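*Asks:* Got a structure here, written out as structure tokens. Questions coming.
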Amino acid sequence: MVLIKNGRVIDPANGIDEQRDLLIEKGKIKAVEPAGEIKCKAKTIDAGGQVVAPGFIDMHVHFREPGFEYKETIESGCRSAAAGGFTTVAIMPNTNPVNDTRSVTELILAQAKACGIVRVHPIGAISQGLAGERLSEMGDLKDAGAIAFSDDGRPVMNSELMRRAFEYSRMFGLPLIQHSEILDLTEGGCMNEGAVATELGLKGMPVEAEDIMVYRDIALLKKTGGRLHVAHISSGNAVELVRQAKAQGLPVTCEVAPHHFTLTDDAVRGYDTNTKMSPPLRTQNDIERIKEGLEDDTIDIIATDHAPHDMVDKQVEYQHACFGIVGLETALPLTLRLVQENRLTLPRAIEKITSMPARIFNLDVGSLSVGKLADVVIFNPEEEYTVDVSRLHSRSKNSPFDGWNVKGKVTHTLVGGKVIYSAAKN
């Protein structure tokens with residue numbers, strides 16, 4: 001047994017925010033009681049001055065295995081997740097081979113089980129080979145363990161294919177996750193189209209490329225009755241489109257990555273390729289509208305879009321660098337900035353990385369209910385430190401936040417009652 005005592009227990013799924021002790025037995029939550037009331041012999045973790053919450057859930061990561069293990073493996077990705085407080089992650093399918101068949105899904109699950117670190121859920125490809133020409137065997141992928149479908153890394157440009165994908169996914173009861181981008185408008189681009197791109201002499205990616213795709217998918221959704229989840233939203237206009245769709249009662253959800261509510265395209269001025277991502281960093285106006293979307297729950301969840309790349313992929317001219325940054329180990333402090341700015345309360349911020357993603361993707365995690373799996377994170381919201389990318393657990397170190405002074409440190413991560421990460425040992 002494990003007893004976590006003296007912590008501020010925040011469990012949004014059950015409306016709990018108070019000092020409580022938490023008892024874990026045989027990998028499950030045994031009791032959650034007022035501080036000092038649980039009397040038993042158990043291994044004790046003193047969480048005094050810290051927050052005890054359900055393990056975080058990230059519905060958008062790239063672990064690169066199979067095919068690009070020099071960037072990340074399932075094991076290194078899982079260790080990075082644990083260090084960031086994440087106990088459940090969903091892996092995008094843009095591997096090599098693409099996760100468009102049962103065999104690749106089963107390989108990912110087998111590798112994750114062998115690591116025994118965090119819970120891993122594969123996301124299957126919408127189209128074969130991410131080519132956008134023929135649908136994958138969606139039913140087979142679901143049977144193998146896929147929890148959603150996406151061609152993330154590339155959008156589904158073919159509207160007829162996307163329509164059919166909605167229809168099939170509806171039959172299987174799983175959502176489609178769309179990378180919203182009209183490629184005709186962004187071809188050759190490497191940052192947000194605007195004044196900064198003009199000053200730097202870099203080809204821009206217009207925000208309309210995202211807006212148009214979100215509009216198209218919502219229009220198709222009305223016809224098919226499927227479920228749409230908009231990945232890594234970065235456009236204020238797209239946030240408004242999702243808000244309007246929700247007002248109509250359409251089954252649309254969306255996510256935002258921490259970098260898209262933290263950085264603007266001004267960060268690109270130094271030509272640091274760690275500021276190159278897709279969708280690109282937008283404007284301060286977009287950030288403000290994203291924060292409004294988080295406040296009114298237009299934006300349902302926060303997901304990292306953890307996208308590791310080796311130095312060889314990033315230490316090149318800006319326009320030739322790969323898109324993407326690592327994000328699992330900086331997600332908590334960046335999310336807590338929203339709390340520090342009074343944009344979200346701490347319980348609501350935690351909700352967006354625990355119970356809300358669990359609800360959207362029908363996962364039996366994300367709460368501290370008695371009888372549930374004991375996936376728990378303990379963190380000190382007031383601990384200040386400097387981000388040092390050389391100490392990240394990810395195999396890649398491509399982060400624009402190196403050297404940032406931040407607040408909010410994970411001290412323990414438990415999966416099934418087992419401590420899989422302890423800051424004291426790392």
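The values are calculated or read from the model by the stated rules, or taken from the named source; none is laboratory data. The shown structure was predicted, so the numbers you read here are calculated from the model rather than taken from an experiment. Counting neighbours? That spans all protein chains shown, and the Cβs are built from the backbone with ideal geometry, glycine included.
Quick grid of which residues meet (1) assigned to a helix (DSSP H, G or I); (2) under 22 Å from H260 (Cα atoms):
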position: G293; (1), (2): yes, yes
position: T304; (1), (2): no, yes
position: D313; (1), (2): yes, yes
position: R348; (1), (2): yes, yes
position: L363; (1), (2): no, no
position: I378; (1), (2): no, no
position: S399; (1), (2): no, yes
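*Asks:* Taking M171 as the residue in question, decide whether it is assigned to a loop (DSSP other than H, G, I, E, B), of a type outside the set (D, E), modelled with pLDDT of 95 or more and surrounded by fewer than 20 Cβ atoms within 10 Å (Cβ to Cβ).
*Replies:* No: the conditions fail for M171.
*Asks:* Only one of these is within 30 Å of A424 (Cβ to Cβ) and touching a residue at least 60 places away in the same chain (Cβ under 8 Å): S150, S159, S76. Name it.
*Replies:* Of the residues listed, the single one that is within 30 Å of A424 (Cβ to Cβ) and touching a residue at least 60 places away in the same chain (Cβ under 8 Å) is S76.
*Asks:* Tell me, yes or no, whether the range 400-422 has at least one residue that is buried (at least 19 other Cβ atoms within 10 Å of the Cβ) and among the acidic types (D, E).
*Replies:* No, the range 400-422 contains no residue that is buried (at least 19 other Cβ atoms within 10 Å of the Cβ) and among the acidic types (D, E).
*Asks:* Taking into account only those residues within the range 31-69 that are basic (K, R) and within 25 Å of A81 (Cα to Cα), which is surrounded by the fewest Cβ atoms within 10 Å (Cβ to Cβ)?
*Replies:* So the first thing to find is which residues in the range 31-69 are basic (K, R), and the list is 39, 41, 43, 64.
Keeping just the survivors that are within 25 Å of A81 (Cα to Cα) gives 43, 64.
Details: K43: 11, R64: 26.
This residue is K43.
*Asks:* Would you point out which residue out of A257, A267 is outside the structural domain of H393 (by TED's automatic domain parsing) and under 22 Å from S394 (Cα atoms)? Don't jump to the end; show me each part of the working.
*Replies:* Details: A267 fails: under 22 Å from S394 (Cα atoms).
Only one candidate passes the filter, namely A257.
*Asks:* So which pairs qualify, if the first residue must be in the range 317-341 and farther than 23 Å from L294 by Cβ, the second must be assigned to a helix (DSSP H, G or I) and charged (D, E, K, R), the Cβ gap must be under 9 Å, and the two must be at least 6 apart or on different chains?
*Replies:* Going by the 9 Å Cβ cut-off, the qualifying pairs are A321/D313; A321/K314; C322/D313; C322/K314.
*Asks:* Restricting the search to the range 264-279, which residues are closer than 18 Å to N237 by Cα, part of a loop (DSSP other than H, G, I, E, B) and either touching a helix residue (DSSP H, G or I) at 6+ places or on another chain (Cβ under 7 Å) or modelled with pLDDT under 95 (or both)?
*Replies:* T264, P279 - these are the residues of the range 264-279 that are closer than 18 Å to N237 by Cα, part of a loop (DSSP other than H, G, I, E, B) and either touching a helix residue (DSSP H, G or I) at 6+ places or on another chain (Cβ under 7 Å) or modelled with pLDDT under 95 (or both).
*Asks:* Something else now. Cβ-Cβ below 6 Å, separation at least six or inter-chain, first residue in the range 191-208 and touching a residue at least 40 places away in the same chain (Cβ under 8 Å), second outside any strand (DSSP E or B) and hydroxyl-bearing (S, T, Y): which pairs?
*Replies:* Sorted first by the residue in the range 191-208, then by its partner, the pairs are M205/T186; V207/S235.
*Asks:* Being in a strand (DSSP E or B), within 19 Å of N380 (Cβ to Cβ), out of contact with any Leu (no Cβ under 6 Å at 6 or more places or on another chain) and in contact (Cβ under 8 Å) with a residue 60 or more places away in the chain, is that true of even one residue in the range 25-44?
*Replies:* no
*Asks:* Specify which of the listed residues (D152, D100) is under 15 Å from the mean Cα position of the chain (by Cα), buried (at least 21 other Cβ atoms within 10 Å of the Cβ) and not in a helix (DSSP H, G or I).
*Replies:* Criteria check complete, one pass: D152.
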